[in-house]
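The values are calculated or read from the model by the stated rules, or taken from the named source; none is laboratory data. Fair warning: this is a prediction, and the values are worked out from it, not measured in the lab. With ideal geometry, Cβ positions are generated from the backbone for all residues, glycine too; neighbour counts draw on all protein chains shown. Side chains are part of the model used for accessible areas, which takes the heavy atoms of the whole protein and leaves out ligands, DNA and RNA. Shrake-Rupley method; radii C 1.70, N 1.55, O 1.52, S 1.80 Å.
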There are 2 protein chains.
Amino acid sequence: RRKPLPTSGELVEGILKGDVTILSRAVTLVESLSHEHQAIAQEVIEKCLPYSGNSRRIGITGVPGAGKSTSIDVFGLHILKDGGKLAVLAIDPSSERTKGSILGDKTRMERLAVHPSAFIRPSPSAGSLGGVARKTRETIVLCEAAGYNNIFVETVGVGQSETAVHSMVDFFLLIQLAGTGDELQGIKRGIMEMADGIVINKADGDNVDRARLAQAQFRSALHLFPPTMSGWIPEVLCYSGYYDLGIAEVWEMIDRYFKFVKDNGYFERKRQEQARYWMYETINEQLRNHFYSNPEVERLLIEKENRVLSNVQSSFTAARDVLDYYFTQK
Amino acid sequence: RRKPLPTSGELVEGILKGDVTILSRAVTLVESLSHEHQAIAQEVIEKCLPYSGNSRRIGITGVPGAGKSTSIDVFGLHILKDGGKLAVLAIDPSSERTKGSILGDKTRMERLAVHPSAFIRPSPSAGSLGGVARKTRETIVLCEAAGYNNIFVETVGVGQSETAVHSMVDFFLLIQLAGTGDELQGIKRGIMEMADGIVINKADGDNVDRARLAQAQFRSALHLFPPTMSGWIPEVLCYSGYYDLGIAEVWEMIDRYFKFVKDNGYFERKRQEQARYWMYETINEQLRNHFYSNPEVERLLIEKENRVLSNVQSSFTAARDVLDYYFTQK
């Protein structure tokens, strides 16, 4: 072992002082698979909880190529002008496969990467989505305790991770490009309806007209959607991350949102629902893990799945057979 | 006991002959909570499986007031003109609470209710969504074995049941009304993006212009959505259930869809995915049931939930504590 493990007390003390090195070590323990590390991490989270919660948690999604990193760079600089601190996290369950497509390349956030008030942390390495999401949510608690009053959580908009992000942020921002064709190929259905704001990037130069057209189209499309739970009407704006245009307007919208949901009580209610959600989500994930990691269950599932797919056995009796084995065996 | 229980062999024989009384009895056993009834039901389903699958399974959703029952009545008559048989099922986990809002009132399908080739079955009475959905899916197998080559599954479009329906049908039809305001209040976000077809009802009389406008709006909105998994481009049509206008066009669209997905292989692939989905969904539901129905777990959950909501304990250690109790206790 290179370094002795710090105690949870030392970590908490450092985190509360805003010590970035200690915060990083604590996040590493949160992400670790070792039981010893997890035990310390859980103590640290518990002790940081009373100091957490005081931030704006913002989910940012968009397909690769939408310009997420450049945008996060300018968005981050914009909000840090007024002081405060910013943590940029990511959820990408596939990061091991794709060699860290998200935030792997900090150079794309060149200015934020060297900013003293910004903490950038790539996605925890691959694991189940539930596991990766849980770690990110725990990291939010630590960052908040360390005084980060703005949290960005980034995803790629192509998988299931958006639902996970949506369940841990206050505001969900979707970055789109002008055009109704190929640019949208990558995004997943259902994501548009989660957005509290849609922002169209690359509204610059020759592209301004197309971006304005897309804005009008998205606006009228959103009118057809059912109302949001918060009562907020999602807005559609144009901006250019590269040329730093329209950034203030995007953040005025986000400010308006926070004022709106804090006034009508939705902010607090949603945070409570999210805490409850994560408790039950964790339970359900662990129940599944315990079942699916049983070697005999794994073997039986393959056999049963084949029977189901060849229409020899119904989905329900196949499930029952595997469950019978599992529950009698223990 | 009023009647002796039939054997599974007797039931299967009757079902395969298309005997409606016997089909009804078998469905009642599928819906029963009694272990004895379930044992027979599962045998019947297993024996019917090889005779199932040969139908078009169509999900139909829309908020109360959209005119679902009237529409199903005319849709049903339209397809039965060419022969064949139609089963109309429903998923409404709230049916006990709302006293059977769906299909409870067969009189709204007045012509279908007395049609010799139609079998109408209300939603199984209340239970967990998973349970209700599972029973509906099992009923589909029995209906198909009884020769019903068209299956409608109805829902109200306001809860989570649409995801369940979506996972058991080939085509998902959303009934909408003209207008962008109050009429949509009831529908849930995310449902529009599930639809393979959107049909605007009450396009008659004074309302035709508004319906056409809504059609144009939905069409352009759908262009902004990401492509569907099937490659099919969802269509938007106007019709009038009450005045029997545009019904043929709706079914020509549905016919086109089935030709399209059968040609490109998506039909078969989706059916297989659905069978697999239901196997795992059943397993996960039973794992959860086993856990949450444990009295001491129930008590602990209430206690832990309060600690989580008052920010005294993290969602994750709260979950861990309850799981520790559950797994050591057994």
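Just to be sure I understand, how many residues within segment A:129-144 are free of Cβ contacts under 8 Å to residues at least 60 places away in the same chain and either surrounded by fewer than 24 Cβ atoms within 10 Å (Cβ to Cβ) or not assigned by TED's automatic domain parsing to the domain that holds A:G67 (or both)?
2
Looking at this structure, is B:R271 within 10 Å of another protein chain (Cβ to nearest Cβ) and either out of contact with any helix residue (DSSP H, G or I) (no Cβ under 6 Å at 6 or more places or on another chain) or hydroxyl-bearing (S, T, Y) (or both)?
Yes.
Across segment B:290-302, which residue is nearest to B:A318 (Cα to Cα) among those that are more than 8 Å from chain A (Cβ to nearest Cβ) and open to solvent by 70 Å² or more (accessible area, probe 1.4 Å)?
Residue satisfying both the conditions and the ranking: B:I302.
Hey, among A:I45, A:I60, A:I40, A:I15, which residue is open to solvent by less than 20 Å² (accessible area, probe 1.4 Å) and more than 19 Å from A:I120 (Cβ to Cβ)?
A:I45
Among (1) charged (D, E, K, R); (2) over 21 Å from the mean Cα position of the chain (by Cα); (3) facing chain B (nearest Cβ under 8 Å), there is one condition A:R219 misses while meeting the rest; what is its number?
(3)
Within segment B:145-165, track down each residue that is surrounded by fewer than 22 Cβ atoms within 10 Å (Cβ to Cβ) and under 24 Å from B:Q38 (Cα atoms).
Correct list: B:G147 only.
Every residue, every condition in (1) more than 12 Å from chain A (Cβ to nearest Cβ); (2) acidic (D, E), yes or no:
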{"position": "B:G241", "(1), (2)": "yes, no"}
{"position": "B:A248", "(1), (2)": "yes, no"}
{"position": "B:D255", "(1), (2)": "yes, yes"}
{"position": "B:Y277", "(1), (2)": "no, no"}
{"position": "B:Y280", "(1), (2)": "no, no"}
{"position": "B:N284", "(1), (2)": "no, no"}
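Looking at segment A:237-258, is at least one residue in contact with a His (Cβ under 8 Å, 6 or more places away or on another chain), among the aliphatic types (A, V, I, L, M) and at pLDDT 95 or above?
Yes, some residue in segment A:237-258 is in contact with a His (Cβ under 8 Å, 6 or more places away or on another chain), among the aliphatic types (A, V, I, L, M) and at pLDDT 95 or above.
Could you tell me whether any residue of segment A:189-204 is out of contact with any strand residue (DSSP E or B) (no Cβ under 9 Å at 6 or more places or on another chain), buried (at least 18 other Cβ atoms within 10 Å of the Cβ), of a type in the set (D, E) and under 29 Å from B:Q176 (Cα atoms)?
yes
Do we find that A:W278 is open to solvent by less than 70 Å² (accessible area, probe 1.4 Å), aromatic (F, W, Y), within 20 Å of the chain's Cα centre (by Cα) and at pLDDT below 95 in this structure?
So A:W278 passes the test.
With (1) β-branched (V, I, T); (2) free of Cβ contacts under 8 Å to residues at least 24 places away in the same chain; (3) touching a Leu at 6+ places or on another chain (Cβ under 9 Å) as the list, and B:I40 as the residue in question, which single condition is left unmet?
(2)
Among the residues of segment B:48-57 satisfying the criterion of being closer than 25 Å to B:G197 by Cβ and facing another protein chain (nearest Cβ under 10 Å), which is surrounded by the fewest Cβ atoms within 10 Å (Cβ to Cβ)?
So the residue we want is B:G53.
Could you look through segment B:11-29, keep only residues that are of a type in the set (S, T, N, Q) and without any contact (Cβ under 8 Å) to a residue 40 or more places away in the chain, and pick out the one that is farthest from B:A41 (Cα to Cα)?
Only one residue fits best here, namely B:T21.
Suppose we keep only residues that are away from chain B (no Cβ under 14 Å) and either touching a Cys at 6+ places or on another chain (Cβ under 6 Å) or closer than 30 Å to B:Q215 by Cα (or both) within segment A:225-239. Which one would you say is most open to solvent (accessible area, probe 1.4 Å)?
A:E235
Among the residues of segment A:27-37, count how many are open to solvent by less than 10 Å² (accessible area, probe 1.4 Å) and either of a type in the set (K, R) or within 14 Å of another protein chain (Cβ to nearest Cβ) (or both).
1
Pick out the one residue from B:Y326, B:Y257 that is touching a strand residue (DSSP E or B) at 6+ places or on another chain (Cβ under 6 Å) and crowded, with 17+ Cβ neighbours inside 10 Å.
B:Y257
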